Amino acid sequence: GIVRDLEGSAVYAEKERLEDPTVAYPEYYTQRFHAYDEGNLSWQAAFEVEPATYSMALRAFKGEALSWQQAQQKLRDSYNRCVLEHIAAHGGAQAAHGRGG
């Protein structure tokens, strides 16, 4: 699966090459979060982001007989609808770009 493929990839070597040990991350990202002992900024959390997103969409519409693909589309459509409604209610596209109000 996705997680196993990422765990077996060269990502850890890239981490060693790119990581800057002088960067101090906010504790929010490094403290225990849900199932991640190393925090939400851990490699395990990154590996699992795609399947977790699928699962989240299914939970948002529990009780509805949807595939994960249908749940994803419905969730994304609802985000888009909310954003468009907000833009329409607060000055149109110019407000969305900080040029109106």
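The values are calculated or read from the model by the stated rules, or taken from the named source; none is laboratory data. Keep in mind the model is a prediction, meaning the values are calculated, not measured. Please note: Cβ atoms are built from the backbone with ideal geometry, for glycine as well, and neighbour counts cover all protein chains shown. In case anyone asks, the SASA skips ligands and DNA or RNA and just uses the protein heavy atoms, side chains included. Shrake-Rupley method; radii C 1.70, N 1.55, O 1.52, S 1.80 Å.
Helix-only estimate, please: 222 nm mean residue ellipticity of the chain, summing -39500 (n - 2.57) across DSSP H runs of length 4 or more and dividing by its residues, to the nearest 500. Present the calculation step by step, with values, prior to reporting the outcome.
Working: 7 runs with 62 residues, N = 101.
Rounded to the nearest 500, it is -17000 deg cm²/dmol.
Can you tell me the dipole magnitude for the chain around its Cα centre, using point charges on the Cβ only (Lys, Arg +1; Asp, Glu -1), in Debye to the nearest 20? Present the calculation step by step, with values, prior to reporting the outcome.
Working: 10 positive and 14 negative charges, 119 e Å.
Here the chain has a charge dipole of around 580 debye.
Over the Cα atoms of the chain, the radius of gyration divided by the Kirkwood radius equals 1.11; this is the Rg/Rh ratio. Expressed as an acute angle from 0 to 90° and rounded to the nearest 10, what is the orientation of the C-alpha long axis of helix 68-89 relative to the principal long axis of the chain? Tilt of helix 68-89: around 50 degrees.
When the alpha carbon coordinates of the stretch 14-64 are projected onto the principal axes, the ranges are 48, 23, 13 Å, largest first. Computed from phi, the 3J(HN,Hα) profile of the stretch 29-35 under the Karplus parametrisation 6.51, -1.76, 1.60 (θ = phi - 60°) reads 7, 10, 7, 3, 9, 6, 8 Hz, with x in place of Gly and Pro. For the stretch 45-87, the Kirkwood radius over C-alpha pairs fed into Stokes-Einstein at 25 °C and 0.890 mPa s yields D = 222 µm² per second. Using Cα atoms only, what is the angle between the long axis of helix 49-60 and the major principal axis of the chain, expressed in degrees (0 to 90) to the nearest 10? The angle comes out near 40 degrees. Calculated accessible area for the stretch 5-47 comes out at 82 Å² per residue, all protein chains present (probe 1.4 Å; ligands, DNA, RNA ignored).
Report the gain in length on full extension from residue 52 to residue 32: 0.36 nm times residue separation, minus Cα-Cα distance, nm rounded to one decimal. Spell out each step's value before the answer.
Numbers: separation 20, 0.36 × 20 = 7.20 nm, distance 1.69 nm.
Answer, rounded to one decimal: 5.5 nm.
Tally up the carbon and sulfur contribution to the accessible surface of the chain as a whole percent, 1.4 Å probe, everything protein left in place.
Values: 4410 of 7980 Å².
Carbon with sulfur: 55 percent of the solvent-accessible area.
Largest GNM mean-square fluctuation across 14, 38, 50, computed for the chain with C-alpha springs under 10 Å, falls on 14.
Could you tell me the calculated FRET efficiency between residue 85 and residue 12, based on Cβ-Cβ distance and R0 = 35 angstrom, to the nearest 0.05? Kindly include the intermediate steps, with their values, before the conclusion.
Working: r = 43 Å, r/R0 = 1.24.
The computed FRET efficiency comes out at 0.20.
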